[in-house]
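Worksheet: one structure, shown below.
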Ligand SMILES: [Zn+2]
């Protein structure tokens, strides 16, 4: 079982220090997908404030970022999902600072890549939730994990931009990095990150085993797998569960363990 974290309704419009040099401001876009809202991080650097994931295009949030950030050194996106990057154009107005991101979906001035260094942070390319996702690791072991690892929920992996094989690989690689604190894109900080990542991986391996058991029993339609794996699921959550099962099937296909045929999925093991 994965033990998820909760937190109380945050104060809006103010930046709260999480650890020295890093403040968090929670955007007012709460939802089933975003928990209390998107976490915007304000990071002290010798050149000013690095704004990570400025979030949705909400005028009050943008005004609060401007007020709290002071001198801005740059704007960085952990990934291209709209709840993280939508405010970048509005925030850029009147600011002559670079935008940093990996990949081409965000209009970045500086393209980041695996291993890049930035104000004492190192870029880790962590595809899976989406292919252009990065985490950032500070020398003291603080990691910004975006939507790759969040304490309040597991990440959604929706093909084709999301990829379960990549996601599980990107989880495993975090265990090779010395970090004692994860600061995610939504929800509270994770203070025992490696144990949490191991629990997430175990959860995904368990789900994969359930999908393989369906194939072994000749259950090859995604809807039938969802009905068997999630017997008590609310109807409105069925499409998400179906996407999740499909993501696992695509991983199994990549691993040479499953194959799509005209009548549904079959085991290739
Ligand atoms: Zn998000």
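Bear in mind that the values in this text are calculations on the coordinates, not laboratory data. Here the structure is a predicted model, which means the values were calculated and not measured. Every residue, glycine as well, gets a Cβ built from its backbone with ideal geometry; the counts of neighbours run over all protein chains shown.
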Cα-based convex hull, the range 53-102, per residue volume (Å³, whole number): 66
Relative contact order (%) - criterion: Cα under 8 Å, at least six apart; region: the chain: 13
DSSP beta bridge pairing in the chain, given as percent antiparallel to the nearest 5: 70
Convex hull volume of the range 177-216 per residue (C-alpha atoms, cubic angstrom): 87
Cα long-axis angle, helix 164-174 against the chain (0 to 90 degrees, to the nearest 10): 50
Relative exposure of 205, 133, judged by other C-beta atoms within 10 Å (fewest first): 205, 133
Cβ-Cβ FRET estimate between residue 82 and residue 266, R0 fixed at 25 Å, reported to 0.05: 0.10
Approximate spin-label separation residue 175-residue 209, in nm, with each point projected 7 Å along Cα-to-Cβ: 1.5
Contour minus Cα-Cα distance for residue 140 and residue 228 (0.36 nm per residue): 27.2 nm
Separation in nanometres of the label points that stand 7 Å from Cα toward Cβ, at residue 152 and residue 253: 3.3
The range 203-267 - Debye-derived log10 I(q)/I(0), Cα point model, q = 0.24 Å⁻¹: -1.02
Alpha carbon Rg of the range 37-144, scaled by the compact-globule rule 2.2 N^0.38 Å: 0.98
Contour minus Cα-Cα distance for residue 47 and residue 11 (0.36 nm per residue): 10.2 nm
Evaluated over the chain, the Cα radius of gyration and Dmax, each in Å: 19.4, 61
Tail weight of P(r) past 28 Å, computed on alpha-carbon pairs of the range 110-265, percent: 26
Spin-label model distance (nm) - residue 107 vs residue 198, 7 Å beyond Cα toward Cβ: 4.6
By average C-beta atoms within 10 angstrom, highest first, the peptides 66-76, 243-253: 243-253, 66-76
